[in-house]
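First the structure, in the form of structure tokens, and then the observations on it.
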Amino acid sequence: MAVGARVRCVVVTPLLLALGVVACSSSSRPVAIVPLVEAGADASSVPPRMVFVSKASFFPDFGGIAPADAACRKEAAAAGLANADAFVAWLAKGGGDAGLAVLPAARVTSTGPFAVPSGRVVAYDKVALFGAHLALLKSGVDEEADGIPARERRVWTGSTASGGGQSDCVNWTSRGASFGTYGLSGHLDATWIFAGEAVCSDPKAEYRVYCIEA
């Protein structure tokens with residue numbers, strides 16, 4: 001193009017506008033058709049938030065949500081995951097520090113997507129992950145922070161199939177005669193967070209937790 005040449009770009013027709021192209025011309029060149037957006041460009045470039053199964057396992061009296069959060073963050077950091085301090089445990093609890101219920105969805109501010117460390121998408125958005133239609137997960141949560149498989153493990157959740165509060169071994173402080181809800185890692189339906197209830201006094205009730213990048 002000649003120095004100082006003036007370039008003019010206009011949409012030629014409504015059809016070309018629908019196709020995402022414009023016509024450009026200058027004083028020294030003929031009209032050319034130029035794409036507005038590169039063909040095949042992905043409009044969604046948001047990095048997925050990670051979700052994994054903890055290596056650590058816990059008896060039900062592990063002291064509430066804070067120790068589980070700390071375990072998630074420690075494992076995320078050890079595996080070299082970005083944003084390690086943002087990980088929280090998927091756990092419902094009947095009463096928080098102020099006597100209020102704690103639900104997993106309220107602790108995760110990200111809208112997604114969510115994936116296991118290898119990159120496989122678990123859910124494209126928060127609604128799919130925490131909503132009532134959990135039978136539609138794209139992939140099971142079946143990896144530890146470093147990508148090692150954790151196919152079917154019992155995982156403490158304390159939540160219902162839709163992410164509400166269920167049984168939590170007295171706010172995760174008791175191994176007495178009460179119950180705690182668990183899920184099964186790797187499952188695609190609602191049993192990934194609500195597969196049954198364990199007796200908190202069971203000497204074999206030592207389960208893992210899910211860790212989510214909030």
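Tell me which residues, restricted to segment 155-184, are outside any strand (DSSP E or B) and of a type in the set (Ser, Thr, Tyr).
THR157, THR160, SER162, SER167, THR173, SER174, SER178 - these are the residues of segment 155-184 that are outside any strand (DSSP E or B) and of a type in the set (Ser, Thr, Tyr).
Yes or no: LYS204 exposed (fewer than 14 other Cβ atoms within 10 Å of the Cβ), assigned by TED's automatic domain parsing to the domain that holds LYS55 and charged (D, E, K, R)?
yes
Give the number of residues within segment 118-140 that are in contact with a Phe, Trp or Tyr (Cβ under 6 Å, 6 or more places away or on another chain) and not small (Gly, Ala, Ser).
2
Take the residues in segment 185-214 that are aromatic (Phe, Trp, Tyr) and outside any loop (DSSP other than H, G, I, E, B); name whichever of them is nearest to the chain's Cα centre (by Cα).
Per the criteria, the residue is TYR210.
The values are calculated or read from the model by the stated rules, or taken from the named source; none is laboratory data. The structure displayed is predicted, hence computed values, not measured ones. Glycine gets a Cβ as well: all are built from the backbone with ideal geometry, and neighbour counts include every protein chain shown.
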